[in-house]
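The values are calculated or read from the model by the stated rules, or taken from the named source; none is laboratory data. Please read all numbers here as calculations on a predicted model, not as lab measurements. All Cβ positions, glycine included, derive from the backbone under ideal geometry; neighbour counts span all protein chains shown. Only protein heavy atoms, including side chains, enter the accessible area calculation; ligands, DNA and RNA are left aside. Shrake-Rupley method; radii C 1.70, N 1.55, O 1.52, S 1.80 Å.
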Amino acid sequence: MAGVHVPLLPLAHQYARTGPLPEHAGVNDPGTEASRPILRFQDRDLYFREHTDRIGIGSYAHKPLPVDPFTVPAYDDAPATPMRMPSSYPFTREDCDPSWEDCAWLMPALADSEVEEGFNGVFSFTPDGMPVLGEARSLRGFWLAEAVWVTHSAGVAKAVAEWMVDGRPSTDVHECDLTRFEDAQRSPAYVADRGTQQFVEVYDVLHPLQPMDRPRPLRVSPFYARQQELGAYFLEGGGWERPHWYEANAPLAEDVELPARDAWSARHWSPIAAAEAKATHEKVALYDMTPLRRLEVTGPGALAFLQRMTSNNLANKPGAVTYTLLLDERGGIRSDLTVARLAADRFQIGANSRADEDWLLRHAPDDVRIRDITSGTCCIGVWGPLARELVQPLTRDDFSHQGFGYFRARQSHIGHVPVTALRLSYVGELGWELYTSADLGLRLWDTLWEAGQEHGVIAAGRSAFNSLRLEKGYRAWGHDMTDEHNQYEAGVGFAVRLDKGDFVGRKALEKAGEVRRRLTALLLDDPAAVVLGKEPVYVDGAPAGYVTSASYGYTLGRCVVYAWLPPPAAGTAVHVEYFGEKVPATVADEPLFDPDMSRIRR
Ligand code: THG
């Protein structure tokens, strides 16, 4: 209708209604449709609601019934089945029959009743099951609030109304943002595959790391063949195949002593991750950082534009890398970025979500060009105390601490491969992110791998990566902080220079008052205890916040947990709830690992 593409799949879903139930007579006045809450039978993919003295039954237990959106009739052509609605399709009784026993088991009164009428109602499934909200950038003033379900309804209405009126919702809705899908996640085939699977899984309890099972593999880095040879255990994110650990490292895990895990937290996990973390601290490891989003910002107006859009001071000579924040007008953290100034008017940005590019494009003047270069390029993180020994012989440039300082960038060569090297590390060890074009990626990997043999180089995965970054206290945007939080609360105030001149969000920060909650580091007291993320946290026995990220800290020998809590003092005892148990934890001082940065600045 408007030329705005919305990635969603219509699927029919059955809704049936019984006749009048003698057992339900008089429960509701004749004029009252429903007085009791909707009931969910999660294990059997069913829900129930009242229609005065009848019961309505909704089912996701039947096979997926996708609908070609181009066959949905116009309103006037829609048959009356039973109501005139283009989204109402004829009832297919055979899809409902198998659930009848389950209905009667839950509500015995239903056993003697019958389905009097029903329809297959068409509604929308997105590839990840969340709604699609926001203003189309290609058609300003055109707002979307699609694939909105009963469970989202009032919240979505509030968020979108605030967004339209105030420019921003008061709650973080980045998981619903219409810009969130990658190009590879917008094809009709992907939308159909994933939408269908969302229908199948809609009432399922999913493990936080459970990957999609198809279409896979979709996006792979140039190192994919090597990762397979090393026995990578792949999980999926943003369409990317991402190694979580490598079975080739199993021998290193033989002498690693770790407490046993419960079955749930042991899923998609291996003690090999501990060995990979250890090797990163003791030797050197290669991390595939290809999925890290990269934007290139160029043009005569690039510096002035990025100065206006972000919180830190970027007016440094080419070669500087700066950690900085994208704030909104209220001072909320839209993203955290690394900005490498590669030339006077050329910047490479390490970003988070697709919304970062969208936000920058919405604000960019004509003399600035912004391009997502992620897909055409790749990145290897070479990290560990032996990283310099590995890399230096491969280049004629000076990679010493004096010649190539911390948070510096340079164009160089590693063997035959031209690279952009950034000296920084999300895992808290000495080393570099090495970027090159996708065609040269495999050559880069092989060059580093071969040269690394004498140093005991390993490939390491995201499981170790996440553990190391939490021990180091590096925040992950979208998990640990969002636009609901400001820099003071999130503990990233060092990335804000209020004295650098005006920038988006500055006025709000000047007025930001007392900090009522803080992103807080916790250590679980019991070395064998593990939580996974999003669990509630209790202070003095009352719920006070929730877990944003968690991972076993293999160096510390405790599970590291970050949580939003009212500002507590270090040493405060709290509890994290895990499967109904209150797990004791203690507020810790940050950073938990290498506070004097001696491992990374050398
Ligand atoms: N690499 C690159 N870009 C990125 C990330 C990355 N952009 C997105 C995300 N990750 C940004 N997050 C961080 C978090 C911490 C650091 C870097 C990126 C970091 N911080 C140091 C510290 O806090 O001590 C240094 C900060 C400073 O000196 O200003 O290294 O992984 N390319």
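Take Arg334 and decide whether it is closer than 19 Å to Ala495 by Cβ, in a loop (DSSP other than H, G, I, E, B) and either modelled with pLDDT under 95 or of a type in the set (Lys, Arg) (or both).
Criteria not met by Arg334.
Go through (1) at pLDDT 95 or above; (2) open to solvent by 20 Å² or more (accessible area, probe 1.4 Å); (3) among the aromatic types (Phe, Trp, Tyr) one by one and return the number of the condition Phe465 breaks.
Result: Phe465 passes all but (2).
Please find, among Ser463, Ser412, Ser425, Ser467, the residue that is in contact with a Phe, Trp or Tyr (Cβ under 9 Å, 6 or more places away or on another chain), of a type in the set (Ser, Thr, Tyr) and free of Cβ contacts under 8 Å to residues at least 40 places away in the same chain.
Just a single option satisfies the conditions, and that option is Ser412.
Looking at (1) over 27 Å from Arg334 (Cα atoms); (2) open to solvent by less than 20 Å² (accessible area, probe 1.4 Å); (3) out of contact with any Leu (no Cβ under 7 Å at 6 or more places or on another chain); (4) modelled with pLDDT of 95 or more, can you tell me which one Gly557 breaks?
(2)
Only residues that are open to solvent by 10 Å² or more (accessible area, probe 1.4 Å) and part of a helix (DSSP H, G or I): list them for the range 280-292, please.
His281, Glu282
Can you say whether Val547 is surrounded by 15 or more Cβ atoms within 10 Å (Cβ to Cβ), over 23 Å from the mean Cα position of the chain (by Cα) and not in a loop (DSSP other than H, G, I, E, B), as far as the supplied structure shows?
Considered against the rule, which asks whether it is surrounded by 15 or more Cβ atoms within 10 Å (Cβ to Cβ), over 23 Å from the mean Cα position of the chain (by Cα) and not in a loop (DSSP other than H, G, I, E, B), Val547 comes out as no.
Could you list all residues from the range 101-122 that are touching a residue at least 12 places away in the same chain (Cβ under 8 Å), outside any loop (DSSP other than H, G, I, E, B) and open to solvent by 50 Å² or more (accessible area, probe 1.4 Å)?
Leu106, Glu116, Glu117
Determine whether the range 232-245 contains at least one residue that is at pLDDT 95 or above, of a type in the set (D, E, K, R), within 26 Å of the chain's Cα centre (by Cα) and more than 17 Å from Asp288 (Cα to Cα).
No, every residue in the range 232-245 fails to be at pLDDT 95 or above, of a type in the set (D, E, K, R), within 26 Å of the chain's Cα centre (by Cα) and more than 17 Å from Asp288 (Cα to Cα).
Just one of (1) among the hydroxyl-bearing types (Ser, Thr, Tyr); (2) closer than 26 Å to Leu144 by Cβ; (3) open to solvent by less than 70 Å² (accessible area, probe 1.4 Å) trips up Tyr75, so point out which.
With respect to (1) among the hydroxyl-bearing types (Ser, Thr, Tyr); (2) closer than 26 Å to Leu144 by Cβ; (3) open to solvent by less than 70 Å² (accessible area, probe 1.4 Å), Tyr75 is out only on (3).
When residues of the range 560-569 are filtered for being more than 16 Å from the ligand (Cβ to nearest atom), open to solvent by less than 60 Å² (accessible area, probe 1.4 Å) and either modelled with pLDDT under 95 or not aromatic (Phe, Trp, Tyr) (or both), how many remain?
Residues flagged as more than 16 Å from the ligand (Cβ to nearest atom), open to solvent by less than 60 Å² (accessible area, probe 1.4 Å) and either modelled with pLDDT under 95 or not aromatic (Phe, Trp, Tyr) (or both) within the range 560-569 amount to 4.
Would you point out which residue out of Pro7, Pro73 is modelled with pLDDT under 90 and part of a loop (DSSP other than H, G, I, E, B)?
The match here is Pro73.
Being closer than 17 Å to Leu440 by Cβ, assigned to a loop (DSSP other than H, G, I, E, B) and within 16 Å of the ligand (Cβ to nearest atom) is the filter here; which residues of the range 366-413 pass it?
Ile373, Thr374 - these are the residues of the range 366-413 that are closer than 17 Å to Leu440 by Cβ, assigned to a loop (DSSP other than H, G, I, E, B) and within 16 Å of the ligand (Cβ to nearest atom).
If a residue must be touching a Leu at 6+ places or on another chain (Cβ under 6 Å) and in a loop (DSSP other than H, G, I, E, B), how many such residues does the range 266-279 contain?
2
Just to verify a result, which residue in the range 413-435, among those that are hydroxyl-bearing (Ser, Thr, Tyr) and either open to solvent by 10 Å² or more (accessible area, probe 1.4 Å) or in contact with a Ser or Thr (Cβ under 6 Å, 6 or more places away or on another chain) (or both), is farthest from Ala340 (Cα to Cα)?
Among them, the one singled out is Tyr426.
For the range 522-544, check the following and say yes or no: at least one residue is touching a Gly at 6+ places or on another chain (Cβ under 9 Å), under 27 Å from Ala364 (Cβ atoms) and buried (at least 17 other Cβ atoms within 10 Å of the Cβ).
Checked against the condition, which is being touching a Gly at 6+ places or on another chain (Cβ under 9 Å), under 27 Å from Ala364 (Cβ atoms) and buried (at least 17 other Cβ atoms within 10 Å of the Cβ), the range 522-544 yields no hits at all.
I'm checking my understanding of the structure. Among residues of the range 293-346 that are among the acidic types (Asp, Glu) and either closer than 30 Å to Tyr233 by Cβ or open to solvent by less than 20 Å² (accessible area, probe 1.4 Å) (or both), which one is nearest to the ligand (Cβ to nearest atom)?
If we take residues in the range 293-346 being among the acidic types (Asp, Glu) and either closer than 30 Å to Tyr233 by Cβ or open to solvent by less than 20 Å² (accessible area, probe 1.4 Å) (or both), then Asp336 is nearest to the ligand (Cβ to nearest atom).
Check Asp43 against each of (1) open to solvent by 60 Å² or more (accessible area, probe 1.4 Å); (2) assigned to a loop (DSSP other than H, G, I, E, B) and name the one condition it does not meet.
Condition (2) is where Asp43 drops out.
Please identify the pairs in which a residue from the range 321-344 that is more than 18 Å from Ala421 (Cβ to Cβ) and among the basic types (Lys, Arg) has its Cβ atom under 7 Å from the Cβ atom of a residue that is assigned to a strand (DSSP E or B) and within 12 Å of the ligand (Cβ to nearest atom), counting only partners at least 6 apart or on another chain.
From residues that are more than 18 Å from Ala421 (Cβ to Cβ) and among the basic types (Lys, Arg), the pairs are Arg334/Leu326.
Any residue at all in the range 144-157 that's hydroxyl-bearing (Ser, Thr, Tyr), modelled with pLDDT under 95 and farther than 21 Å from Arg354 by Cβ?
So far as the range 144-157 goes, yes, one or more of its residues are hydroxyl-bearing (Ser, Thr, Tyr), modelled with pLDDT under 95 and farther than 21 Å from Arg354 by Cβ.
For the range 571-597: of the residues being in a loop (DSSP other than H, G, I, E, B) and open to solvent by 60 Å² or more (accessible area, probe 1.4 Å), which is farthest from Arg423 (Cα to Cα)?
Only one residue tops the list, namely Gly580.
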